Amino acid sequence: MTLQGKVALVAGATRGAGRGIAVELGAEGATVYVTGRTTRSQQSEYGRPETIEETAELVTSAGGTGIAVQVDHLVSSEVEALVERIRTEQGRLDILINDIWGGELLFEWDKPVWDHDLDKGLRMLRLAIDTHLITAHHALPLMIEKPGGLLVEVTDGTAEYNATHYRLSPFYDLCKTSVTRMAWAHGKDLEKHGATSISITPGWLRSEMMLDAFQVTEANWRDATKFQPHFVISESPHFVGRAVAALAVDPDRARWNGQSVSSGQLAKVYEFDDLDGSRPDCWRYMVEVQEAGKPADETGYR
């Protein structure tokens, strides 16, 4: 374990990529604070069964120390109190993962701004952008007290891909492209303090919500390819988790400062695998196979 003695905050760790990242940081021995709005006694508007306590237990089972804290990252005072708690209990923060989202129930597919529900669109922007900035505002001062800190902004799509692809609607498009720019901007400030900022995207994520949508589990996810053949390129949340863990243990991670990377891209550099032993390269597949109108075929992309 190479992150023993290190302290991480995974903001937005109830499920999906956040949970996968938290668990893989735990597997490297880190103490991981996991935040979200859904606890065993209170659900968010998602109405999902996953909880932050469950994530914390998975972190501990993996070899780290998981600590669950209920936080709404749109509420500045709650985030401020969280960071003060970390300062009091640990005296340091080495890794900040901004994975807050919560917009899956809000975006409307392929609608221009005049057709998209305005309240839902503006709420999405607050969830995707304001939460990250509020958390960075309060947490980064603690992180830069010691050199070597790592900030990871989690989004959907690399900067290269998003630059030439319209992402569903102006609202969703702004949500996802803003985060990569945010990571670049933070990198300009953090490098002066010996810290690194990176934006990362998973590929087609087999999140709990996605598996439920296809009525499959992680154990039989390939059955979903009967309905959506290109799901063959999908990856588990642990894949992006291992990408972040690889960055966290890399003493030369500053070479990535300000960059936009994907889990598949980092797998080639750091030589880690997904749970099934493969290395899915989703974003290259999307362009070269799916968008090219070719039949689904993972050959050469896993």
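The values are calculated or read from the model by the stated rules, or taken from the named source; none is laboratory data. Owing to the predicted nature of the structure, the values given are computational and were not obtained by experimental measurement. Cβ placement follows ideal geometry from the backbone for every residue including glycine, while neighbour counts extend to all protein chains displayed.
Some points to look at:
- Candidates in segment 12-60 are the residues that are of a type in the set (D, E) and in contact (Cβ under 8 Å) with a residue 24 or more places away in the chain; of these, the one that is surrounded by the most Cβ atoms within 10 Å (Cβ to Cβ) is E24.
- Any hit, segment 67-86, residues being closer than 19 Å to G241 by Cβ and either in contact (Cβ under 8 Å) with a residue 24 or more places away in the chain or outside any loop (DSSP other than H, G, I, E, B) (or both): yes
- The test for being over 29 Å from M210 (Cβ atoms), touching a residue at least 40 places away in the same chain (Cβ under 8 Å), touching a helix residue (DSSP H, G or I) at 6+ places or on another chain (Cβ under 9 Å) and not in a loop (DSSP other than H, G, I, E, B) does not hold for L125.
- One residue stands out in segment 162-212 among those that are part of a strand (DSSP E or B) and among the hydroxyl-bearing types (S, T, Y): the one that is nearest to the chain's Cα centre (by Cα), namely T201.
- Meets criteria (more than 30 Å from K146 (Cα to Cα), of a type in the set (S, T, N, Q) and free of Cβ contacts under 8 Å to residues at least 40 places away in the same chain) for S278: yes
- Filtering segment 162-192 to residues that are at pLDDT below 95 and touching a strand residue (DSSP E or B) at 6+ places or on another chain (Cβ under 9 Å) leaves N162, K176.
- Positions within segment 61-119 being surrounded by 14 or more Cβ atoms within 10 Å (Cβ to Cβ) and either of a type in the set (F, W, Y) or touching a His at 6+ places or on another chain (Cβ under 6 Å) (or both), in sequence order: V79, E80, V83, N98, I100, W101, F107, E108
- Every pair of residues 6+ apart whose Cβ atoms lie under 8 Å, when the first sits in segment 144-161 and is surrounded by fewer than 16 Cβ atoms within 10 Å (Cβ to Cβ) while the second is outside any strand (DSSP E or B) and not hydrophobic (A, V, I, L, M, F, W, C): E145/R92; K146/R92; K146/D94; P147/H193; P147/G194
- Out of G293, G277, G258, one residue alone is surrounded by 13 or more Cβ atoms within 10 Å (Cβ to Cβ) and part of a loop (DSSP other than H, G, I, E, B). It is G258.
- Against the list (1) assigned to a loop (DSSP other than H, G, I, E, B); (2) among the polar types (S, T, N, Q); (3) modelled with pLDDT of 95 or more, the condition S61 fails is (1).
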